[in-house]
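Some notes on the structure that comes next.
The values are calculated or read from the model by the stated rules, or taken from the named source; none is laboratory data. Everything quoted here is computed from the prediction, not taken from an experiment. No Cβ is skipped: glycine too gets one built from the backbone with ideal geometry, and neighbour counts run over all protein chains shown.
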Amino acid sequence: MICQFQRTIKKPIIIEGIGLHSGDNVKIKLFPANKNEGINFIKNNVVIPAKIDYAHSFEYSTTLYKDGVSVRTIEHLMAALYFTGIDNVYIELIGEELPILDGSSKGFVERIKEAGIKTLNEEKLYAVLEEPVKVEIEDKFIMAKPSNEIKITYQANYNNDIIGNKSFTYIPYEKESYEGVYTARTYCFLEEVEYLKKNGLAKGGSLENAVVFHNNQVINEEGLRFEDEPVRHKVLDLIGDLYLLGYPLVAEVYSFKGGHRLNAMFVKTLVENSLFTIKPASEVLNFIPNYKEALVG
């Protein structure tokens, strides 16, 4: 979401549900924050900034860790905060991980919109990429180049008929683009379920919060929301992980078969090599074409 000024929520929000990996009932409480306070998780009285410095584990989700306390499965909420332009908020977690809801960011976006969004008297800050960059793990890679546009593309390469080698590009000022990303659900293959559960993962997974494939078929009775829903969800995950930079990234980003671990590696590379410049909205919006500030939906 491209905005002129920083934002927070107007009033507290409580969201409850099942944790995808733990299978436990979990709850989060979102509270308004002041300008320049950023996005912060709170668990057991430990405040964990939503920054890449605290990213710790990437097995089928992204986890933050500080002082012996972890906050798991944050990517869908982080994406929802990005899509609604929220820069400043406190998120208290009761449980091991965030609720999975329907497997997308849709529920988080809807609750944020219901609570209302407050514009703060401070310019929003953006991370503007200054030079090309590429990170890779085996045959997977993410590369980005400086641009006067924000474009985030994911390219899949699966040996099946449903996902195949589809790609999708997110462009923030195109309504169909961002609505088609934040409503895309997570997915898995039925053959993976037993492995995941043996390794303590996906205990809360069901057809209510994930798309499940088997023998090139969608098991879910309602089918896919989009013909390329799995690829769109990969874009959602990437956007959520990119927001651990602390600011929206102005660049063209292309991910080939990337996942949470590679996403985090990419963000860490940007930070460790100072490959971006922090600029206020007044500078950035002058060179972004088709700039239009609007709430999601």
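If you take the residues of the range 215-240 that are more than 15 Å from the chain's Cα centre (by Cα) and β-branched (Val, Ile, Thr), which of them is farthest from ASN160 (Cα to Cα)?
Of everything passing the filter in the range 215-240, ILE219 is farthest from ASN160 (Cα to Cα).
Out of the residues in the range 84-98 meeting the condition of being part of a strand (DSSP E or B) and either of a type in the set (A, V, I, L, M, F, W, C) or in contact with a helix residue (DSSP H, G or I) (Cβ under 9 Å, 6 or more places away or on another chain) (or both), tell me which one is surrounded by the fewest Cβ atoms within 10 Å (Cβ to Cβ).
Top of the filtered list is ILE94.
Filter the strands (runs of 3 or more DSSP E) completely within the range 124-234 down to those with at least 2 residues that are surrounded by 13 or more Cβ atoms within 10 Å (Cβ to Cβ) and basic (Lys, Arg).
Per the criteria, 140-145.
Would you check if there is a residue in the range 260-280 being touching a strand residue (DSSP E or B) at 6+ places or on another chain (Cβ under 6 Å), within 22 Å of ASN160 (Cβ to Cβ) and at pLDDT 95 or above?
First, pick out the residues of the range 260-280 that are touching a strand residue (DSSP E or B) at 6+ places or on another chain (Cβ under 6 Å): 262, 264-266, 269-270, 275-280.
Now narrow it down to the ones that are within 22 Å of ASN160 (Cβ to Cβ): 262.
With at pLDDT 95 or above added as a condition, the list becomes 262.
Within the range 260-280, one or more residues are touching a strand residue (DSSP E or B) at 6+ places or on another chain (Cβ under 6 Å), within 22 Å of ASN160 (Cβ to Cβ) and at pLDDT 95 or above.
Just the residues that are among the small types (Gly, Ala, Ser) and either buried (at least 16 other Cβ atoms within 10 Å of the Cβ) or farther than 23 Å from GLU272 by Cα (or both), please, taken from the range 27-72.
Answer for the range 27-72, where residues must be among the small types (Gly, Ala, Ser) and either buried (at least 16 other Cβ atoms within 10 Å of the Cβ) or farther than 23 Å from GLU272 by Cα (or both): ALA33, GLY38, ALA50, ALA55, SER61, GLY68, SER70.
Quick one: count up the residues across the range 37-57 that are under 19 Å from ALA80 (Cα atoms) and not small (Gly, Ala, Ser).
Matching residues across the range 37-57 total 9.
Looking at the range 103-111, can you tell me whether even one residue there is farther than 22 Å from LYS10 by Cα and either free of Cβ contacts under 8 Å to residues at least 24 places away in the same chain or under 15 Å from the mean Cα position of the chain (by Cα) (or both)? So that I can check it myself, show each step before the final result.
The initial filter retains those residues of the range 103-111 that are farther than 22 Å from LYS10 by Cα, namely 103-104.
Now narrow it down to the ones that are either free of Cβ contacts under 8 Å to residues at least 24 places away in the same chain or under 15 Å from the mean Cα position of the chain (by Cα) (or both): 103-104.
Within the range 103-111 (the criterion being farther than 22 Å from LYS10 by Cα and either free of Cβ contacts under 8 Å to residues at least 24 places away in the same chain or under 15 Å from the mean Cα position of the chain (by Cα) (or both)), the answer is yes, since at least one residue qualifies.
Would you point out which residue out of GLU138, GLU122 is farther than 30 Å from GLY23 by Cα and free of Cβ contacts under 8 Å to residues at least 12 places away in the same chain?
GLU138
Just checking, how many residues over the range 235-278 are assigned to a loop (DSSP other than H, G, I, E, B), in contact with a Lys or Arg (Cβ under 6 Å, 6 or more places away or on another chain) and buried (at least 21 other Cβ atoms within 10 Å of the Cβ)?
1
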